[in-house]
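The values are calculated or read from the model by the stated rules, or taken from the named source; none is laboratory data. If you're wondering where the values come from, they're calculated on a predicted model, not measured in any experiment. With ideal geometry, Cβ positions are generated from the backbone for all residues, glycine too; neighbour counts draw on all protein chains shown.
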Amino acid sequence: MLRDYNFWIYIVTNEHGSVLYIGMTNDLARRMTEHRVGEIPGFAADYRCKKLVYYEHCTNVQDAIAREKQLKKWSRSKKVALIATLNPRWKDLAPEILGK
């Protein structure tokens, strides 16, 4: 029997929208909290990527990993166009995820 799981592919940016970080998680609310307090060392923390501008849901981990890899290979303009499909104003979507 197959179970459905929750995986999220997401894009965060800094306050100026000058950099994009793409990640994957099984708990989007937890991961956004980690980004906001800088708990994840590396690119996202170095560039202060705390603003959630895009996310997608998957129920299969292989599909989620493949999608994350696919998005990371895209040009910035293609990523910006994708973000515009869900969030044309680039508002921070984290409050709706975090319930704040």
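General remarks:
- Residues in the range 65-79 that are surrounded by fewer than 16 Cβ atoms within 10 Å (Cβ to Cβ), within 16 Å of V12 (Cβ to Cβ) and of a type in the set (A, V, I, L, M, F, W, C): W74 only.
- Residue in the range 78-90 that is of a type outside the set (S, T, Y) and modelled with pLDDT under 95 present: yes
- Flag for R3 being surrounded by fewer than 19 Cβ atoms within 10 Å (Cβ to Cβ), of a type outside the set (V, I, T), at pLDDT below 95 and closer than 15 Å to D92 by Cα: no
- Looking only at residues of the range 49-100 that are more than 11 Å from the chain's Cα centre (by Cα) and of a type in the set (S, T, Y), we find that the one that is farthest from Y21 (Cα to Cα) is T59.
- Within the range 15-59, the set of residues being assigned to a helix (DSSP H, G or I), touching a residue at least 40 places away in the same chain (Cβ under 8 Å) and of a type outside the set (V, I, T) comprises L28, A29, M32, R36.
- On inspection, Q62 does not qualify as farther than 18 Å from N6 by Cα, surrounded by fewer than 17 Cβ atoms within 10 Å (Cβ to Cβ) and free of Cβ contacts under 8 Å to residues at least 60 places away in the same chain.
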